[in-house]
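The values are calculated or read from the model by the stated rules, or taken from the named source; none is laboratory data. On a predicted model such as this, the values are computed, not experimentally measured, just so you know. Using ideal geometry, Cβ is built from the backbone for each residue, glycine included, and neighbour counts are taken over all protein chains shown.
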Amino acid sequence: MEDTVEIGCGTDGVQVTDIETEKRLAAEAAAELVEAGMTVGLGTGSTVAYLLGALARRKLDITCVATSPATFDTARSLGLDVRGFTGIDHLDVTIDGADQVGPAGWLVKGGGGAHTREKIAAAAAERYVVIVSSNKLVDALAVPVPLELLAFGLDATLRALGDARLTDAPVSPDGGVLAGYFGPLGDPGELAMRLSAIPGVVEHGLFSPAMVSNILVGQGSRVHRRRPGD
Ligand code: 5RP
């Protein structure tokens, strides 16, 4: 089931189809789902940056957990009450972006190297809301699938993975080495299981549709609210 909400138009009523506008509209729609008293997981990336501003403007009494130092710093600078993810065992809602949204609702995430923390925050949330611009919707998921690997035994882990290469990025805030899987993708569920089963893989960037409550897609001047697989 899909809802469409007319969020707004550009100046003079001209439809705005700019990707940044789509990100902002999806993020602002997600911010409206947050209520006072909630604990909120904050994802990472340029779409989430719009969310942080929209949440801060609402001035709600909420407690936030950030999935990256960048999100933490920005959220705090905007006046949001953001804390470490310690002593909090459950989140009411986590809101995050994605790199790809497949037709069955599988996500590829981790373009910002934060997918391990993002998956933890998604799994801890009663409701996991994904915010994307329309260009993130794909007919079929494509590689690379981001990986976070343990440094110990790194070459053996890469060998077990097969077609995987290190990314030119600093280690994660948790000391993980970032890489990408470039092999055949096929069925995302099967690949997710295979990647998870390899010792040394801390986490991969495939997010199951079962984790996702809603996907808010900015499209032109509208936001489409979808459930995974719609
Ligand atoms: C970071 C992520 C981001 O959510 C993903 O890369 C989308 O980023 P953006 O909103 O900048 O397009 O998974 O690890």
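Show me the strands (runs of 3 or more DSSP E) found entirely inside region 4-112 where at least 1 residues are within 14 Å of the chain's Cα centre (by Cα), modelled with pLDDT of 95 or more and charged (D, E, K, R).
Where strands (runs of 3 or more DSSP E) fall fully within region 4-112 and carry at least 1 residues being within 14 Å of the chain's Cα centre (by Cα), modelled with pLDDT of 95 or more and charged (D, E, K, R), they are 91-96.
Which pairs turn up if I take residues in region 81-100 that are more than 16 Å from the ligand (Cβ to nearest atom) and look for partners that are part of a strand (DSSP E or B) and among the acidic types (D, E) with beta carbon separation below 6 Å, at least 6 apart in sequence or on another chain?
D92/E126
Can you run down the residue pairs with Cβ atoms below 6 Å, 6 or more apart or on separate chains, where the first is in region 177-200 and under 12 Å from P144 (Cα atoms) and the partner is in a strand (DSSP E or B) and of a type in the set (A, V, I, L, M)?
Hits for this filter: A179/L147; A179/L149; A179/A164; A179/L166; Y181/V145; Y181/L147; Y181/A164.
So, of the residues in region 108-145 that are over 18 Å from P209 (Cβ atoms) and within 11 Å of the ligand (Cβ to nearest atom), which turns out to be surrounded by the fewest Cβ atoms within 10 Å (Cβ to Cβ)?
For region 108-145, the residue satisfying everything is N135.
Pull up region 195-216, narrow it to residues that are under 15 Å from A122 (Cβ atoms) and assigned to a loop (DSSP other than H, G, I, E, B), then point me to the one that is nearest to the ligand (Cβ to nearest atom).
Filtering region 195-216 for residues that are under 15 Å from A122 (Cβ atoms) and assigned to a loop (DSSP other than H, G, I, E, B), the one nearest to the ligand (Cβ to nearest atom) comes out as G205.
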